[in-house]
Structures are given as C-alpha cells and as structure tokens.
Amino acid sequence: MKAFAQMFTSLDETNKTNEKVKVLKDYFNCVPDTDKMHMLALFSGRKPKRQINSTFFRLWAIEAANIPAWLFEESYHIVGDLAETVALLLPDHENSSNKTLTEWIAEINGLNNLPEVEKHNWLLQSWAMLNAQERFVFNKVLTGSFRVGVSQNLVIKALADVAGLDAATLTHRLMGNWMPETYQYEELVHSDTALEDVSRPYPFFLAYPVQETSEKQKTPEAMQTLLGNANEWQAEWKWDGIRAQLIKREGEIFIWSRGEDLATDKFPELHPFLHHLPDGTVIDGEILSFRNGLPLPFAILQTRIGRKTLSKKILEESPVALIAYDCLEYNGEDIRYKTQTERRQLLEGLQASTPYPNVFNISSLITFNSWDELAEIREKSRAMVAEGIMLKRKDAHYQVGRRRGDWWKWKIDPLSVDAVMIYAQKGHGRRADLYTDYTFAVWDGDKLVPFAKAYSGLTDTEINKVDAFVKRNTIEKFGPVRTVKPELVFEIGFEGINKSSRHKSGVALRFPRILRWRHDKPKEEADTIETLKALLGE
Amino acid sequence: MSHKPLLEFTDKGIYCAKGKFYIDPWQPVDDAVITHAHADHAYVGHKRYLAHHLSREVLYYRLGEIQLQTIEYGETVMKNGVQISMFPAGHVIGSAQIRVESQGEVWVVSGDYKVEDDGVCAPFEPVKCNHFISECTFGMPIYKWKSQANIFADVNNWWQTNVQNNLATVIVGYSLGKAQRILQNLDLSIGKVYTHGVIENTNEALRRNGIVLQPTERITADSVKDEVRKGIIIAPPSSVGTPWMRKFGPYSFGYCSGWMAIRGAKRRRAADRGFVMSDHADWDGLVSAIDATGCDSVYLTHGSTASFSRYLREIGFDAHEVHTLYGGEEEEAPPQPSPGGRELEEEGLKVSPPGGDLEGAEGVI
C-alpha cells in the first residue's frame, strides 16, 4: 500500500501528462506483478466487491474520529469525497503499512460473509495501521469510488511502455471478463499465452465531436475545411440508445455495453438473432426501444435499464432491437484493419441473411452529395429520433477509443429554455466546497417550478461568481442544499424532453446542462412551464 | 443581561460604547483599534488608529497618511475609562489580540490567530477573559496542520528538485505573513530568493520597522531569467497565471494555504504542489485556544461559524455566531479581475478597502 499511496501523492503533485505517465511507470516498475494487475483492475472499473456498505463505513468512521455524526456529515459536504473525509478526520499518526495492494485486496475480499462485528474490528484496526495518505487510497479501494485524476488510457499507456507493447493491443487484452486474481501479468503481456476468452470484446471506437459547443456551429464550408470532400465520407444517423458490442463465438453469445458491463441478460429479444449468427462474429451497434419498426426516445429504454428482472410488462412496453453499425470480427477473424466500406459490406451480408430483420436492423446510410445537402438533412434529426449525424471516413479502420480524424459526430443543437436558479448544492472532487450543482425553475403563473438539475457548463470564473452569489443570497438551508434568492437566469440546454409523473414539473429532460449565464435577463423574463410543455410535441 | 455589554456587534464593526472606539471596523469611524494590517481588518478612512508597533510601517504603506498610535504587547492605554491592551495573536508580524477591560469585565478580540509558533512573529498567548471574540476560519475537524518544520522540509526539497530539473520555482502566499514565514524558513544554500514587487514592498515596510528578514531580490524588468530559475520566487496569489508569472516558465508552482488540505481545492487552483500551511488556527488549535481563555462566552466572527459554534455548545461552551465583514465563508467578496486580466481564484478573497489594496487578494488563507 505504501507504493500505491506514494503513487497517488506523486500523481497529485503534477498537472503534466508526461509527468503522470512517468509516475505510473515508476509504480509499475517497482511493484510485484499481482499488484500491477490489481492496479489495472481498479483503473478499469473492476473494483473489489463492496464488503462494507456506506452506512457502516460512515458509522465506524464517526466512531474512530470521535466526533458527532452531524459534524461528520458537514465535513463531508466541504470535502466532497467520502474516502478523503474519513482520511482527514481520523486521528493522525505515523504508522505505515508494508502490506502490498494484493494483500489488502485479498483481505477486503475475505470480509465476505463475515459478521458485522468482525468487519468493524478489521476496519478500525486497518485504519490504525495506515497514515493519512494510505488511508485515503485504502478508503477509495474499499468504497469502490475509484475516480482519481488519471484516466484508464494513461494507465494503459504507462504499462504499454513498461511491457514493450502498443497501447491498442494492451487495451484489447484488458477488455471483457477478467479478474485480477486469475489473470496473470505474464499472460497479459505475452501474446502467445494471452488469456483465451471467448467473451472478450474489442475496445470501442468513439467519434469525436465536430463542434465543441453548440454555440460554435459548423458551416458547410467549415465542414469542407475540416473533413475534405463529402464523397470520402459515409453518413448515418446518430442514434440515442445504448452502444453495445454483440458477440457470437463457440456457440455462446455475449452483449457488452460501452461501459464494459456484460448485459447479455438484459436484452433477451436479441438472443435469437445472435444465436443464428455464424460463430466468430462481433457486431457493433446501438440498442434502442422500438415500436412498429420505429425507434423510441431514450426515456422509454431508460425504464428498463437498471432493472434486475425484466417483467413481461416491461418487455411488452419497451421492446428493444439493434441498429447495427459495424462488424469487427467475421469468420473468427479480427477485421478491424479493413476499411469502413469493406466492413460495411460484410455487415450488410450478415444482416441480409438474418431471419430476424425486425430485431437485427442496420443503420441506413444517408445519401448526400455535398456538405450543404447533409447540413439540410441534419435538420431532420429530431424527427428521426436521432441526435444528429455520424460521419465515418470510407477508408477508416476501426480504431481504439476516442480519436480525432476518421469518425465524427455532428450533433444537432440542443433544445433550450431560460430558467431561474433556485437551489444550490456543493459539488464534488475538483469542485468540492463550491456551490456548483444547481436546480433550475421556470414560471408557472407567479410560481417557480423546478424542472432540471445541471452541474456543468459554466467556466471556473463563472462558478466562483455563482458560488459567491449563493453564499450571500441563501434564504434557507436544508442539509447540504441551499434555497437561493431567485435572481440568476441561465439558458439550459437539453437533448430531449419527455412527460414524467415523477417530477413536479411533469417533464423529464435528457442531458440538461447550462449553455450560458443570461446576465442580460431579469428573472421575470425566464421561460414558463408552457414553453417547456410545448417542446413535448405530439 | 442586566447591563449593556462592554463590546457589541454593530454594522460598522465591533464597538465599545463606553470607550467610544471600534475594533477592526469596516466603516469609517473616529477611533479604530486594529488587530493586524490585513485588508479586511485595517480599512482606510478612520480618524485615529491604534495598533501594535510592528504594524506601523505596513499600515503606513497600505493606508497612506493616517493618524496612528502604536503600543507594545502588554502595554495598556486608557480610552474614556476603558483599558485597552494588546497580546500576541501569532497570526502575522504585528498581529495582536485586543484585550478590553472595564470594571472587572474583560473581553478579548482575537482578530486572526494561530497557536503554532512560526518563529517569525510573536507566538500566540492565551489571555484570560469573560468574553472571547474569536475567528474560526478553519473551524472544521478536517483541518489539522502538520508542524511547520515538516512542511518546510517538503518545500525545500521541492525547490531543490526543481533546480536539478531546471525548472523555475514559484511559491505563492499572501504578502503580509505567509511571504515572510516562507522566506525565513527557506534553505538559502539552495539558491537566492526573488520576490514579486508587492511582496518586496511589504518586506521593505517590515524592514523599516526593524524586522530582520533573510535577503531577497526584487524581480524587475532587468532580472535575468536563467538566474531567477535557480532561485525561488515568492509571489502573491493575484499573480497566479498572469503573464508576469508565465515569463519564468517552465516552472513548478506551489501554493501555501490551509485550503490545500482538501484535494479538490488544490486541483481547482491547478497548483503543482499544495503546501498545507496556514496562519490561522486549525480545529484543535481553535478549541484549545478558546478553552485556555477560561471565558464564559465565545463569539465566532468568521469562518465555519455555524458548525463550530454548534460544536462548542455541545461540549459545554456558551458559543454564539456573530456576523462581521471579516473573511468568513458567508461574507466573501465576488472575485475581482486582477491586473493580469485573469480572475483571481481565491476563495479567501476579501472585501477590499475603499482605498484599494495592491494585491486585492489579501486575507484568509
């Protein structure tokens, strides 16, 4: 744990990417191979199962810190991170642990099924063995909230350097179903022994946005400058569902979401068509709710995401189907090196021979001859229940991760309304102890009804100003939430809007965010609930 | 209460009606007793000032021609039958707790204070009183300071490493207090100390006041970049990210502040290194300092007043939250544009005095 904690301290001590990679390499070079695998697992979202729930974790931390519970909660709201709060509150001492990361994680996993009192004793003893920095990373591992200022990509880049592999190969070998307890570092780095895993997906290729913000609209001329001739590009609608990779190998089927969650059981409608595919086939696509052959808004699909069991009712109300984008493996061969056009032909062949064309759709190509024409077609996105247009270079390979160059997303402008901020709450992480999470309202007669929460969209400077406003204009405090004098007006953008019986306003927004601060608008000129409802359309 | 308390909280500041004087008032008054020379405690515009000897030159430098009387720690002056005396607050050079006594009733106004002896200013002395008016900037149990010997070992190591890597070293702290505390603890065998103009102005004022500081060199247009790179630059918070600072690049930039205790706060400032160092008392320091006064009542003026007063009440103190314009969370001024054109990212940004302070960002750190 010493080396792991030291690595965190060193990562925190620099803002430069090269320095961070160096810190990671130093770490990989000095720890045992099993620690390397655990480190990779943590940074790729394969956390140990949570053995001590948040309630007990807090309770026992309060006991160890010897402070009132309310003071613990208020401290948490300032720090904005539970692991860090606990690390700061516990009594300081100079103890330090010689156990490796592997040993600590084995201890954590060993808590499974132990009685509460033993977990309690173990936790308090463990805290007493660790200094503040070690406690922080220990708490991070234990609470499974592992987001700590360095991306998985950076970790893989560092390890690729250490192992003498290229990052794309390593990324692929780290996909799918592996556990740090069973996947050996030797297997990972030696291609001939690399773990044979029929379920293993390929890293997703992600598109880069054509325009950074909706305020910087790209003209057809700008598209020409950015992308060159229109005839070098394949265009499709950008569908709004769950990006997924579907695998059929050795008679087994697997469905992976982009977050590398195995979601095979969540989509039983797709099983028959997958079983019908030839062995050695991997398809990239989007899973959406469909009715009468037409895709439905994401909100419908959302009703079944996260459910443990899918009731008959859910399956009837929100049946899913696939819109296939790409083919990554054909006849057992990794064909990511083939061009977009070649892969598309193979995909079309697969789709043409399916007996389940209602479930196995293919993303249709948009015919266009110029950027002008495509810009016009893009305007119809919302009617298509699409988010905009995807552009893929016809000779593009299927690459790893989000890359500029060959795949672009050209989204439509978000919908927007002007709204008044009425509540504020402190943020987390980099925004800890600053009021950064706001609730917005629109007018319903002479009352303001809350309709959306948004966290992002302001610059640091603007956040500081809003924070100062909140602190000086608090009407009431409810725990961490402050009711703020309604005064500041913001333009709120969102991707979609749907009816909702769960919200006071009667609507639920998709991806709400702050587009800009309307210094020019008094609160009286903010939009009304009628404006919002009119956007519901139909 | 059967009689009017000796000190009261008014919209101009802490007021002694019997003695007809204010302590650290933020509106112009006739008689102002000043705990220390920071901008949110020493405003321009009062008729007469009373402060500690070692605040003299800094007050003249910052406030211009003022009518100022200064006294020594432990010395008593009478105003309209009320005794006023000063005791070390350990916050910055010249900082004082103000003790006010009349007819056996004793009040102490802490101003800002820390309990650790920083070796630069006179160390904090607890003063027995009936009523203690205290700051609590860091009045949360997450704030616990390490000893400064530890921190400066880190600072000097970091500087040394930067010199080896041919990086300039910029260390940020406000100009009265933190800058001198840093300066006096730097290991000058590593290199020379360079100062930003506003810090050197304060250093000069302190030297005029008889304070002996380690040698410094003011950065000017003629400073040679390659030489400066081997040294360390002490700069005020307002210089962060300005072209002034960028011209020394590539540099490593360290920030000295109690707020650095929290990762989020450090990341927000994009500091390469955050040194958790404050001239305010930490949680344990506040609790022990208040306890040592043996006071009947304690009033919290700024900082985490709500939580801290609640905690003090729970452990048996008669604690009250009062509202002042000192740099507590509730009273922060919105960020002002800095001369470099970039907004200051200080949380501790304070209300500037009407005359305007060069730094604009003095205060609570």
Next item on the list: Just flag the GluC sites (Glu not before Pro) in the range A:367-453 sitting in loop per DSSP whose Cβ has no more than 14 other Cβ atoms within 10 Å.
Entry: A:379
Checklist line | Loop sites in the range A:1-94: GluC sites (Glu not before Pro), DSSP, at most 15 other Cβ within 10 Å | finding: A:94
Notebook entry, point to check: Roughly what % antiparallel, to the nearest 5, for the DSSP beta bridges in the protein assembly as shown?
Noted result: 65
Note to self: Restricting to Cα pairs below 8 Å that are 6+ residues apart, what does the relative contact order work out to for the range B:103-242? Please round to a whole percent.
What the structure shows: 26
Margin query: What does DSSP give for chain A in terms of the percent of beta bridges that are antiparallel, rounded to the nearest 5?
Written below: 90
Note to self: Please list 3J(HN,Hα) in residue order for the range B:15-29, calculated via the Karplus relation 6.51 cos²θ - 1.76 cosθ + 1.60 where θ = phi - 60°; whole Hz, with x for glycine and proline.
What the structure shows: 10, 10, 5, 5, x, 6, 9, 10, 10, 6, x, 9, 10, x, 9
Check: For the range B:283-300, what does the Karplus curve 6.51 cos²θ - 1.76 cosθ + 1.60, with θ = phi - 60°, yield as ³J(HN,Hα) per residue in whole Hz, taken in order and with x for Gly and Pro?
Finding: 3, 5, x, 5, 4, 5, 5, 5, 4, 5, 6, x, 6, 7, 9, 10, 10, 9
Next item on the list: Straight distance only, please: which lysines reach the Cα of residue A:119 with their own Cα at less than 25 Å, same-chain residues fewer than 8 apart left out?
Entry: A:2, A:47, A:49, A:99, A:140
Notebook entry, point to check: Given C-alpha coordinates of the range B:151-219, what is the ratio Rg to Rh with the Kirkwood estimate of Rh?
Noted result: 0.96
Checklist line | the range A:2-143: relative contact order as a whole-number percent, Cα under 8 Å and 6+ apart | finding: 38
Check: Loop-only check: which trypsin sites (Lys or Arg not before Pro) in the range A:228-318 are DSSP coil with at most 10 other Cβ within 10 angstrom?
Finding: A:307, A:308
Item checked: Under-15-angstrom lysine pairs by C-alpha in the range B:148-275, whenever the two are 8 or more apart or on separate chains -> 4
Item checked: Spatially proximal lysines relative to residue A:313 (Cα-Cα < 24 Å; intrachain offsets below 8 disregarded) -> A:266, A:499
Next item on the list: Could you work out, for the range A:356-397, what percent of all Cα-Cα pairs fall into each 10 Å distance bin, beginning at 0 Å and stopping at the bin that holds the largest distance?
Entry: 22, 47, 28, 3
Next item on the list: Please identify, among B:57, B:321, B:75, the residue showing maximal mean-square fluctuation in a Gaussian network model of chain B using a 10 angstrom Cα cutoff.
Entry: B:75
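Only the coordinates and a few stated rules stand behind these numbers; no lab work does. Computed from a prediction, not measured in an experiment: that's the story for all the values here. Glycine gets a Cβ as well: all are built from the backbone with ideal geometry, and neighbour counts include every protein chain shown.
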